[in-house]
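Only one structure is covered here, and it is reproduced in the block below.
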Amino acid sequence: MTTPAGSAETNLPQTGPSSFDERRPPERELLDDCVHCGFCLPTCPTYQLWGEEMDSPRGRIYLMDLAKKGEIALEGPFTEHIDACLGCMACVTACPSGVQYDRLLESVRPQIERNVEREVGDRLFRDAIFSLFPYRRRLRAAALPGALYQKLRRIPAVAALAAKLPGRLAAMESLLPPVTVREAFARLPVFTAAQGERRGRVALLSGCVQDVFFHRVNEATVRVLAAEGYDVVVPRDQQCCGALELHAGREDPALGRAKRTIERFAPLDVDAVVTNVAGCGSSMKEYGHLLADDPEWASRAEAFSARVRDVHEVLAEGEPRAARHPVRARVAYHDACHLGHAQGVREQPRAVLRSVPGVELVDIPEAALCCGSAGIYNMIFPDAAADLGARKADNVRSVRPDVVVTANPGCLLQIGKHLGTDGVPLLHPVQLLDASMRGVPLPRT
């Protein structure tokens, strides 16, 4: 297959029936925006790993263009190269032409899920992931054996057996978050009143994996928002926002979850719907686009998305109100891809961290390069994810941090896995801020 460099071939008229079905195929105008300049290449994780043109953003756009013209089928190489994309959107940040690769990928992945028959093992593995992770009750049920397993894992014989697990199963096992039954079954209060003069009223998306395995982050988020003058509402019956399924191309269940999220949060009398997970926030801010062609939901979705704010956006928009105790630490901040690239939220987390006296904030080399987590990517493509994780860990070590902070649970697990026994705490930024406000030592996780 020829590469697209300098090719005018992408502008030729369509030569046959499109390989895409008629449901939201990639738009011709978006495909034609790419001028194949190559500015995306240094920031693309898979191009950095393999140096293959078709594993770069412009190469994948070339494949989309060929499929749009009906010149290649969706099966085979097309699916392989699209699947291999992490969806990190670093190319969107880097592109001088404003190519909306995020929109293109968002339209193409559902095409694959609808029209390409996956191998049995691959299909079953993916189905198993999505039969668990979007469901909080199932995650809580899994937490019980998970907590027991992590205790047994300390036994050398059990650890030796775990080391012999094959690829994908080994990846899942190595990414298990620290599990405590208390945390998994804890509940946030439905309402927490602002401390001092009331600044506003917000609702918090508590999340699925976040609420079960990173409940401590949610608790810190509620405390910090309340200390900064916000009433915090946490609807008890909220469900998954659909982010994980959306990023994997499972469009129908993702849109169903989006509608349920809108139904649950839209009637609330709040100034903003706050998220503390990068992937959730990026998807919820896209509901208006995702449902734009649904007459019943378009305006509701647009209005909802306009109210979605990352927690750092809320905290950075006014002068700090709660007192901060010094935290004397060298803090390395990792930009989660769906916060920095997808949402464009980069300066706010840094501003929040700099509000803490004593913090020496340092950036990590190759900051734009994904850590390899990318939703379910590090379970589906464990080898590529491991290479990226090791590279990110080396970059983290190079700045000699006392603490590493990032705003996505997948990044915390991925970086923690590859830092190994370095003993550096990995935290969400609000955990560091919360410890400063309360004048307590930093947590270890």
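Tabulated data for the structure shown
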| read-out | value |
| --- | --- |
| For q = 0.09, 0.11, 0.23 Å⁻¹, Debye-computed log10 I/I(0) when each Cα of segment 215-325 counts as one equal scatterer | -0.25, -0.37, -1.34 |
| Using distinct alpha-carbon pairs, which all enter the 1/r mean, Kirkwood radius of segment 226-265 in Å | 11.4 |
| Shape category assigned to segment 249-311 from the gyration tensor of Cα positions, a/c cut at 1.5 | oblate |
| Pairs of Lys in the chain closer than 22 Å at Cα, counting only those 8 or more apart or on different chains | 5 |
| Three principal axis lengths of segment 188-269 [C-alpha, angstrom, descending] | 44, 28, 18 |
| Listed residues LYS69, LYS417 arranged by accessible area, highest first, probe 1.4 Å | LYS417, LYS69 |
| Test item: Cα-centred dipole of segment 217-308, Lys/Arg +1 and Asp/Glu -1 on Cβ, debye | 200 |
| Antiparallel bridge percentage (DSSP; both residues within the chain; nearest 5) | 10 |
| Tilt relative to the chain, helix 57-68 - C-alpha long axis, 0 to 90 degrees, to 10 | 50 |
| P(r), alpha carbons of the chain - 20 Å bins starting at zero, rounded % | 25, 58, 17, 0 |
| From the C-alpha gyration tensor of segment 43-168, square roots of 5λ in Å | 36, 18, 16 |
| Among GLU183, GLU75, GLU117, residue whose mean-square fluctuation peaks in a GNM of the chain (springs only between Cα atoms under 10 Å) | GLU117 |
| Rough spin-label spacing in nm, given labels placed 7 Å along Cα→Cβ, for PHE130 and ASP294 | 1.5 |
| Within the accessible area of the chain (1.4 Å probe), percent carbon and sulfur | 54 |
| √(5λ) per eigenvalue of the Cα gyration tensor, segment 113-211, largest first, Å | 34, 23, 10 |
| Largest to smallest accessible area among GLU113, GLU29 [probe 1.4 Å] | GLU29, GLU113 |
| Lys/Arg +1, Asp/Glu -1 at C-beta; the chain dipole; positive extreme among SER18, GLN195, VAL311 | GLN195 |
| Accessible area per residue in Å² at 1.4 Å probe, computed on the chain | 42 |
| Estimated inter-spin distance, ARG24 and GLU75, nm [label 7 Å along Cα→Cβ] | 2.6 |
| Cα-based equivalent ellipsoid of segment 401-445: semi-axis lengths in Å, sorted from largest, via gyration tensor | 19, 12, 6 |
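The values are calculated or read from the model by the stated rules, or taken from the named source; none is laboratory data. In this text, all values refer to a predicted model and were calculated from it rather than measured experimentally. Note that each Cβ is placed from the backbone with ideal geometry, even for glycine, and that neighbours are counted across all protein chains shown. Only protein heavy atoms, including side chains, enter the accessible area calculation; ligands, DNA and RNA are left aside. Shrake-Rupley method; radii C 1.70, N 1.55, O 1.52, S 1.80 Å.
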